[in-house]
Amino acid sequence: MSMNRWRLLGAYLKQNVLLMLTAAGSAVIFLVVIALYRLPAESVGYASVLTALFLLTAGFLRFRHFCLKHRELEELRRQIAVPAVPLPETANLIERDYQELIRLLDKERSAIVYEKDRAYQEMMEYYTIWAHQIKTPIAAMRLLLQTDSVPDKRELSEQLFRIEQYTEMVLQFIRLEGAGTDFVFRKTALDDCVKQAVRKYAQSFIRKQIRLNYEPTGAEVLTDEKWLVFVLEQLLSNALKYTPQGEISIYMHPDRPNALVIEDTGIGIDPADLPRVFEHGYTGFNGRADKKSTGIGLYLCKRIMDRLSHTIEIESEVGRGTKVILGLEAVPIDVR
């Protein structure tokens with residue numbers, strides 16, 4: 001018998017000491033009654049052997065059940081990291097196993113609570129920034145309407161467009177952070193997605209006098225059209241925001257046939273900011289200088305591309321523009 005089995009046997013005997021004392025007391029009473037009535041030794045011996053075999057069999061079955069239960073609890077304990085939750089000491093092995101499970105479940109509960117608190121904090125931070133951002137175009141529209149002259153329709157349209165942008169972004173943020181999404185994967189013409197995004201920002205291209213270089217790609221990708229268009233819109237919005245003059249180019253990567261490139265000639269991104277541009281709420285040097293960045297746009301793009309099983313990479317140099325590469329290869333999709 002292994003040391004572990006001896007340890008279990010010791011724990012089992014210790015746990016059932018009261019039961020064994022009761023059995024021993026019953027045996028003493030049994031022997032006293034035999035002695036008083038002077039019953040035949042053969043009959044008594046036969047009954048004693050049968051009783052002993054029955055008790056040993058019942059004890060063995062109980063011990064086997066004890067071992068199996070202990071092994072099952074140990075296996076459950078191995079599946080969870082051990083926390084340090086103070087519980088009263090106990091000499092019972094099974095009770096100790098249950099205490100270990102209680103500690104582990106408490107740690108799991110704490111982790112879930114922490115994650116929920118973190119998500120709630122991120123949501124509140126974003127809504128606070130969003131509320132401050134959307135107040136700017138609303139205030140601008142109110143000022144335009146309060147002027148004695150006829151309001152500038154182009155300026156009103158621009159401010160309304162910004163409100164629509166902010167509203168759409170917060171709706172996508174809510175959908176993405178929710179328990180489920182409305183992804184519908186199908187073969188989609190990439191040009192249709194690009195054209196939808198470009199059409200939305202056509203007036204911004206004209207107003208800022210930014211040149212667009214785009215030729216149809218003729219590519220088809222397995223994706224969700226609505227969510228991919230949202231990513232393209234965010235990337236175009238960023239390119240327009242940080243490109244005071246010059247051009248924006250959209251083309252297929254020369255070395256990667258299923259990768260789309262959105263390149264601008266804008267102010268670029270500081271090298272120190274590149275590793276963190278996809279972090280939630282990170283605005284970097286450009287965002288702090290702009291005073292209007294939320295640090296949410298690229299974070300959403302990264303989350304969405306991950307959900308679509310696509311990839312997104314950024315290459316940039318300060319003063320020499322930014323290149324965003326969207327890997328649209330068909331890869332296995334995580335459907336959990």
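The values are calculated or read from the model by the stated rules, or taken from the named source; none is laboratory data. Here the structure is a predicted model, which is why all the values come from computation and not from measurement. A quick note on method: Cβ atoms are made from the backbone with ideal geometry, for glycine too, and the neighbour counts reach across all protein chains shown. The protein model used for the area step is the full one, side chains on, heavy atoms only, and it has no ligands, DNA or RNA in it. Shrake-Rupley method; radii C 1.70, N 1.55, O 1.52, S 1.80 Å.
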All other residues with a Cβ under 10 Å from the Cβ of residue 328 taken together, and with Lys, Arg as +1 and Asp, Glu as -1, what is their net charge? -1
Tell me, what is the FRET efficiency for residue 118 and residue 171 to the nearest 0.05, using R0 = 25 angstrom and their Cβ-Cβ distance as r? 0.70
Rounded to a whole number of µm²/s, how large is the Stokes-Einstein D of region 102-232 at 20 °C and 1.002 mPa s, given Rh as the Kirkwood radius over C-alpha pairs? 115 µm²/s
How large is the dipole of region 210-256 about the Cα centre if only Lys and Arg carry +1 and Asp and Glu carry -1, each at its Cβ, rounded to the nearest 20 debye? 220 debye
Once the Cα gyration tensor of region 180-254 is found, what semi-axes does its equivalent ellipsoid get, as square roots of 5 times the eigenvalues, in whole Å, sorted largest first? 24, 15, 9
Please give the length that would be gained between residue 320 and residue 138 if that part of the chain were fully extended, namely 0.36 nm times their separation in residues minus their C-alpha to C-alpha distance (nm, one decimal). 62.1 nm
Dipole moment magnitude, nearest 20 debye, region 96-147 about Cα centre, only Lys, Arg, Asp, Glu C-beta charged: 280 debye
Quick check: pseudo-label points 7 Å beyond the Cα along Cα→Cβ at residue 186 and residue 55, how many nm apart are they? 7.7 nm
With charges only on Cβ, +1 for K and R and -1 for D and E, what is the dipole size of region 190-280 about its Cα centre, in debye, rounded to 20? 420 debye
With the dipole of region 114-258 worked out from charges on the C-beta (+1 for Lys and Arg, -1 for Asp and Glu) around the Cα centre, which of 189, 127, 149 lies farthest toward the positive end? 149
Taking a label point 7 Å from the Cα of residue 154 along Cα-to-Cβ, the residues of region 199-239 whose backbone nitrogen sits under 20 Å from it are 199-212
Exceeding the 29 Å Cα-Cα cut-off - candidates 116/200; 195/241; 153/323; 153/195; 208/302; 135/208: 116/200; 153/323
Suppose the chain between residue 146 and residue 18 were pulled fully straight at 0.36 nm per residue; how much longer would it get relative to their current alpha carbon spacing? 37.1 nm
Per residue solvent-accessible surface (Å²) - region 109-239, probe of 1.4 Å: 61 Å²
Note the full-extension length gain between residue 279 and residue 96 as 0.36 nm times their separation in residues minus their Cα-Cα distance, in nm to one decimal. 61.6 nm
Hull surface over four for the Cα convex hull of region 227-269, reported in nm², is 3.4 nm²
